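To start, the structure itself, in structure tokens.
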Amino acid sequence: MSTLPSVYTCESVTSGHPDKVCDQISDAILDAHLAQDPKSRVAVETFGSHGMLVIGGEITSNAEVDLTALALKVYSDIGHKDPIDVIERVVKQSPEISAGINDGGAGDQGIMYGYACNQTPELLPIATAVAHALTRRLDSVRHDNIIPWLRPDGKSQATVRDGQVETILLSVQHDEDVSINQIRSDLVKHVVIPVLSHYRLAPPKNLIINPSGSFVVGGFEADAGLTGRKIMVDTYGGVIPHGGGAFSGKDATKVDRSAAYMARYVAKQIVASGAAEEVLVSVAYAIGRAEPLMVSAVDQDDNSLDHLLSKYDFRPLAIIDLLDLRSPHYQENCTHGHFTNSAAPWEQIEQTDRIGEYGLPSLSRETAA
């Protein structure tokens, strides 16, 4: 039986959503340390609320990084203009945790999952892919000034019934002087239609735009944000199991991140090879131990695919090496889902006879031109 229900809904958020702003700041801090010292140990959380930003966590590194200046740059580059004060509370990693990791062990205990299916070019469920494509498009048309009244904060949601998109929901921050009719007209033309065309989908039965009406106040001015609070947005939209560990702000010795990337990578290889229509990979670790306690895979009929896993090494250092996880490429992959950018190392597909079967072009900023 398929992992996916006949009716399900997934959401995504734009780069200017308060939680996602915090994710990007945490990952920018990680990237900055890895750029100078690839063996940096980083576990950084960011909290933003009403004019204040707190950066906390543990960093062990030879890198010299101005955390406050970097955080303010990320905040500004996203497009938020409201002033914020930054507080830093960062120390070195616990020596007890560090000792186990130095021997190649996992940075924590836990369970991680990876998933892939043959429904979309990204090998993701339709609702997941569409929700992310909508927020990616929102950010693109804002940065390119295609929709001048659009502001950074926003969300999308897609509901699928029996393989068809039934409902699309968009909530977007906007300038004060724009009408709801203009908002709806511009979003349909420049966001909804290009995304549906890209996936060759019919118009949804229900299209809901800014159902609460006015959405002028956004970002930290409207709500608090926190690193790692959008774990379902970051992965598979809630329709696939999640071990509970967030990604952003963590270096690759933390298996919450690296093993989840590896499980996704392996699931994607199996689906791309044609061995299954859907694959769910599960892996579990004990802190300080390199060998996983369990690695398993099943297909859409709950048949075991464990025999296909023997070629893959799930030890943390092997994952880091295979997926190039000491390089600074985290911030660019932490928006619009961690599994939608085909350029990410964990999204690469090994050479098979079926490469290109799912090859729609990427949804570029020029799609709506």
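Bear in mind these aren't lab numbers, they're just calculated from the coordinates by the rules spelled out. In this text the structure is predicted, and so the values were computed from the model without any measurement. Positions of Cβ are backbone-derived with ideal geometry, glycine not excepted, and every protein chain shown enters the neighbour counts.
What FRET efficiency, computed as 1/(1 + (r/R0)^6) with R0 = 45 Å and r the Cβ-Cβ distance, is obtained for Arg184 and Glu277, rounded to the nearest 0.05?
Here the calculated transfer efficiency is 0.75.
Using Cα pairs under 8 angstrom and six or more residues apart, how large is the relative contact order of region 1-155, in percent?
29 percent
In a GNM of the chain with a 10 Å cut-off on Cα contacts, which of Ser171, Ser310, Ser327 has the highest mean-square fluctuation?
In this elastic network of the chain, the residue with the biggest mean-square fluctuation among Ser171, Ser310, Ser327 is Ser310.
Grab the Cα-Cα distance for Met294 and His329, subtract it from 0.36 nm times how many residues apart they are, and report the gain in nm with one decimal.
Value of the extension gain: 9.8 nm.
Given the rule -39500 (n - 2.57) for each run of at least 4 DSSP H residues, summed and divided by the residues of the chain, what is its mean residue ellipticity at 222 nm, to the nearest 500 deg cm²/dmol?
Dividing the helical sum by the residues of the chain leaves -8000 deg cm²/dmol.
For Ala286 and Thr167, calculate 0.36 nm times their separation in residues minus their Cα-Cα distance, and state this gained length in nm to one decimal.
Taking 0.36 nm per residue and subtracting the Cα distance, the gain is 38.7 nm.
Antiparallel versus total DSSP beta bridges in region 94-223: what percent is that, nearest 5?
Given both bridge residues lie in region 94-223, the antiparallel proportion sits at roughly 70 percent.
What does the convex hull of the Cα atoms come to per residue for region 8-63, in Å³?
115 Å³
What is the Cα coordinate range of the chain on the first, second and third principal axes, sorted by size from largest, in whole angstrom?
60, 50, 28
With r as the distance between the Cβ atoms of Asp321 and Ser342 and R0 = 22 Å, compute the FRET efficiency 1/(1 + (r/R0)^6) and round to 0.05.
Approximately 0.55, to the nearest 0.05.
For region 226-341, what is the largest minus smallest coordinate of the Cα atoms on each principal axis, given in angstrom and ordered from greatest to least?
Rounded to whole Å, the extents work out to 38, 30, 22 Å.
Separation between the His307 and Arg89 pseudo-spin-labels, each 7 Å from Cα along Cα→Cβ, expressed in nm?
5.4 nm
Using a 10 Å cut-off around each Cβ, can you sort Lys155, Lys311, Lys73 from fewest to most neighbouring Cβ atoms?
Lys311, Lys73, Lys155
When 1/r is averaged over all different Cα pairs and the result inverted, which Kirkwood radius in Å belongs to region 272-325?
12.4 Å
Once region 38-175 is represented by equal point scatterers at the alpha-carbon sites, with solvent omitted, what log10 I(q)/I(0) does the Debye formula produce at q = 0.12, 0.17, 0.18, 0.20 Å⁻¹?
-0.81, -1.09, -1.10, -1.12
Starting from 0.36 nm per residue, how many nanometres of slack lie between Ser6 and Ala69 once their C-alpha separation is accounted for?
Fully extending the segment from Ser6 to Ala69 adds 18.0 nm.
Using all C-alpha to C-alpha distances in region 102-236, build P(r) with 5 Å bins and read off the rounded percent in each one.
Here the calculated profile for region 102-236 is 2, 9, 18, 20, 17, 14, 10, 5, 4, 2, 1, 0, 0.
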